[in-house]
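Enquirer: Structure incoming, see below.
The values are calculated or read from the model by the stated rules, or taken from the named source; none is laboratory data. Nothing here was measured: the structure is a model prediction, and the numbers come from that model. For neighbour counting, all protein chains shown are included, and Cβ atoms are generated from backbone atoms with ideal geometry for every residue, glycine included. Only protein heavy atoms, including side chains, enter the accessible area calculation; ligands, DNA and RNA are left aside. Shrake-Rupley method; radii C 1.70, N 1.55, O 1.52, S 1.80 Å.
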Amino acid sequence: MDLLETLKQQIRDNPVIIYMKGTPELPMCGFSQRAAQAMMDTGVEFAYVNVLQNPRIMEELPKVADWPTFPQIYIDGELVGGCDIVLELHAQGELKPMMEQAVAKAKEAKEKEQAGDDASSS
Amino acid sequence: MSAERVERIREYLEAALAPQQLEVIDESHLHAGHASAGGKGHFRVRVVSGRFSGLGLLQRHRLVYDALSELMEQDIHALAIEARTPEESNRSKESSS
């Protein structure tokens, strides 16, 4: 699978994921720092990828959703935006419910899948 | 060089979005010593345009990025975007007064 497909898969597999410069604990860019902080403020779990550690991701990811800059935040498989948009959603109180819904939806899908497996194995 | 960049950003945004209000702020000095910027600048744009009506934040930001795509390579390292419709802009003025 090429990198572009791998990234799309990763975005599908993680209900909430941020591609950022640095890590939430040690951000290397003010925009990434503010976006990750807003996401941590919600208390909802999320995945992150440090694009500085993988220059090829930094090169390829902008093609996934045709978005030129970092950070990029994907919720429920869709690009939500960069730093400004996430901060605005957080200020409006919309970020947390969006993240919660995506996490709940992914959990439900996983449980359904497992239930299906159990049924077929019994 | 920096003033020229601000002017160029302004021109591209005016051409693409016909804004009612437009502010382009060079924030590069806030990021002095930011090695990965590679000599490109940090900018903040405040755009009020009727073109944003009926669009979500993502689509609005896309319009701004699209307008500036030629400059993203050479001039712009980072871009903070505030994109409002004229109605939203008036509303926030009223509520803050």
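Enquirer: With modelled with pLDDT under 95, surrounded by 10 or more Cβ atoms within 10 Å (Cβ to Cβ) and among the hydrophobic types (A, V, I, L, M, F, W, C) as the only criterion, which of A:Ala109, A:Ala102 stands out?
Expert: Step by step, each of A:Ala109, A:Ala102 is checked, and only A:Ala109 is modelled with pLDDT under 95, surrounded by 10 or more Cβ atoms within 10 Å (Cβ to Cβ) and among the hydrophobic types (A, V, I, L, M, F, W, C).
Enquirer: Still on this model: Kindly list the number of the only condition in (1) modelled with pLDDT of 95 or more; (2) touching a Phe, Trp or Tyr at 6+ places or on another chain (Cβ under 8 Å) that fails for A:Met40.
Expert: Against the list (1) modelled with pLDDT of 95 or more; (2) touching a Phe, Trp or Tyr at 6+ places or on another chain (Cβ under 8 Å), A:Met40 comes up short only on (2).
Every residue, every condition in (1) in contact (Cβ under 8 Å) with a residue 24 or more places away in the chain; (2) open to solvent by less than 70 Å² (accessible area, probe 1.4 Å); (3) out of contact with any Ser or Thr (no Cβ under 9 Å at 6 or more places or on another chain), yes or no:
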| position | (1), (2), (3) |
| --- | --- |
| A:Ala47 | yes, yes, yes |
| A:Pro71 | yes, yes, no |
| A:Ala91 | no, no, yes |
| A:Gln114 | no, no, yes |
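Enquirer: Among the helices (runs of 4 or more DSSP H) lying completely within segment B:1-84, list those that include at least 1 residues that are of a type in the set (D, E, K, R) and modelled with pLDDT of 95 or more.
Expert: Correct list: B:2-17, B:57-67.
Enquirer: So A:Glu59 fits all but one of (1) more than 11 Å from chain B (Cβ to nearest Cβ); (2) surrounded by 14 or more Cβ atoms within 10 Å (Cβ to Cβ); (3) out of contact with any Leu (no Cβ under 7 Å at 6 or more places or on another chain); (4) of a type in the set (D, E, K, R); what number is the exception?
Expert: (2)
Enquirer: Being within 10 Å of chain B (Cβ to nearest Cβ) and on the phi > 0 side of the Ramachandran plot is the filter here; which residues of segment A:66-95 pass it?
Expert: Answer for segment A:66-95, where residues must be within 10 Å of chain B (Cβ to nearest Cβ) and on the phi > 0 side of the Ramachandran plot: A:Asp66, A:Gly81.
Enquirer: Being out of contact with any Gly (no Cβ under 7 Å at 6 or more places or on another chain) and surrounded by fewer than 20 Cβ atoms within 10 Å (Cβ to Cβ) is the filter here, so list the residues in segment B:52-61 that pass it.
Expert: Matches in segment B:52-61: B:Ser53, B:Gly54, B:Leu55, B:Gly56, B:Gln59.
Enquirer: Can you pull out every residue in segment A:1-34 that is assigned to a strand (DSSP E or B) and more than 14 Å from every other protein chain (Cβ to nearest Cβ)?
Expert: A:Val16, A:Ile17, A:Ile18, A:Tyr19
Enquirer: Can I ask one more? Picking from B:Leu13, B:Leu71, which residue would you name as being of a type in the set (A, V, I, L, M), farther than 30 Å from A:Glu94 by Cα and surrounded by 15 or more Cβ atoms within 10 Å (Cβ to Cβ)?
Expert: Checking each option against the conditions leaves just B:Leu71.
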